Amino acid sequence: LKDGATREHARRALYEAIHEAMGQAGLPDTTEIAFAFLGFSGVSGPEAAAAKTYCEVVQEQFAVRSIFIDHDARTALAGAIPSMSGVIAIAGTGSIAFAMNACGASARAGGWGYLLGDPGSAYEIGRQALAAVARAHDGAGPATLLSSLLLQALNIQDAAEMTQAIYRDASPKLRIAGVCSTVGAAAAVGDKVAVNIFAEAGRGLGSMACSAARKLTLPPSFTFSGVGGVFESGDLLWRPYREFVLSEYPQAQVVTPAFPPLVGALMLAFRKGGVDTPPEWLERIRGSYDAAGLTAP
């Protein structure tokens with residue numbers, strides 16, 4: 001957010017998102033918002049320069065009495081684990097783990113980016129799959145269904161064309177991450193190479209989550225969860241993730257998310273405002289999802 005163009009882009013994006021939310025609630029943009037909590041990737045914490053800029057951009061356009069900005073991992077954890085005490089692994093294009101205890105202390109692990117290592121991310125799964133196809137083409141690795149499926153996904157005829165398809169792409173990181181779903185399709189029908197890639201991804205996310213947990217004081221039976229597009233692959237990822245976590249913390253619980261990060265942000269806003277969120281309130285939130293035709297995890 002250092003230059004004017006980036007700040008203006010953020011300004012427009014935030015206005016559109018908040019304006020739409022206000023409209024769906026039947027409220028004009030001039031309505032005073034008592035407490036707001038926003039989560040952003042790339043924000044290291046509420047005191048970061050980017051967080052302060054986001055605050056300014058929102059308050060320039062809306063009447064917000066108190067606004068809190070933090071990393072989006074916090075909103076993901078709050079939605080997935082309503083007690084807000086536990087650990088969440090996030091696996092999208094990149095990956096990160098975030099832990100928080102009952103006192104509100106938090107810790108992170110991972111999030112180093114695709115060049116330094118994002119275990120369990122869509123990028124890393126895609127990279128490993130493309131490397132496996134290259135090895136199979138060279139005769140240095142086992143044959144795999146990925147060879148035909150990834151050529152089709154990249155719209156090329158031969159594995160020798162992969163270097164051009166990837167290195168000449170305007171956004172190679174996203175192109176590589178984009179084949180993750182194809183790897184999932186191969187794993188779903190039993191391709192051993194693809195299954196092993198997902199197993200390694202799950203273990204990598206589990207290791208990262210446990211690393212975050214070790215940085216905090218947590219009760220023996222605390223909760224782990226996971227969010228992000230890669231977790232939508234189901235047991236291909238959840239099983240090795242769960243097995244690794246339980247091998248390190250046998251008394252822990254590994255659960256699917258109770259709510260998406262959006263609800264987590266709402267719960268954090270209520271907590272910052274000193275408002276309790278009893279179980280009945282959470283059920284009302286779930287009911288509103290059903291009524292709107294949305295899917296709560």
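The values are calculated or read from the model by the stated rules, or taken from the named source; none is laboratory data. This is a predicted model, so every value here is computed, not measured. With ideal geometry, Cβ positions are generated from the backbone for all residues, glycine too; neighbour counts draw on all protein chains shown. Side chains included, ligands, DNA and RNA excluded: accessible areas come from the protein's heavy atoms. Shrake-Rupley method; radii C 1.70, N 1.55, O 1.52, S 1.80 Å.
Below is a table of values for the structure above.
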item: Among (1) out of contact with any Asp or Glu (no Cβ under 7 Å at 6 or more places or on another chain); (2) open to solvent by less than 70 Å² (accessible area, probe 1.4 Å); (3) in contact (Cβ under 8 Å) with a residue 24 or more places away in the chain - the single one LEU262 does not satisfy; result: (2)
item: ALA212 in contact with a strand residue (DSSP E or B) (Cβ under 7 Å, 6 or more places away or on another chain) and assigned to a helix (DSSP H, G or I); result: yes
item: Hey, GLU232 in a helix (DSSP H, G or I), in contact (Cβ under 8 Å) with a residue 24 or more places away in the chain, acidic (Asp, Glu) and open to solvent by 30 Å² or more (accessible area, probe 1.4 Å) or not; result: no
item: Selected residue (only one of ALA199, ALA213 is among the aliphatic types (A, V, I, L, M), open to solvent by less than 50 Å² (accessible area, probe 1.4 Å), within 17 Å of ALA76 (Cα to Cα) and over 14 Å from the mean Cα position of the chain (by Cα)); result: ALA213
item: In the range 161-187, residue nearest to ASP118 (Cα to Cα) [restricted to those that are touching a helix residue (DSSP H, G or I) at 6+ places or on another chain (Cβ under 7 Å) and open to solvent by 60 Å² or more (accessible area, probe 1.4 Å)]; result: LYS173
item: Per-region count, the range 215-229, residues hydrophobic (A, V, I, L, M, F, W, C) and assigned to a strand (DSSP E or B); result: 2
item: Per-region count, the range 65-104, residues of a type in the set (A, V, I, L, M, F, W, C) and either at positive phi or open to solvent by 20 Å² or more (accessible area, probe 1.4 Å) (or both); result: 6
item: Verdict on ALA17 being exposed (fewer than 13 other Cβ atoms within 10 Å of the Cβ), without any contact (Cβ under 8 Å) to a residue 24 or more places away in the chain and under 23 Å from GLY92 (Cα atoms); result: yes
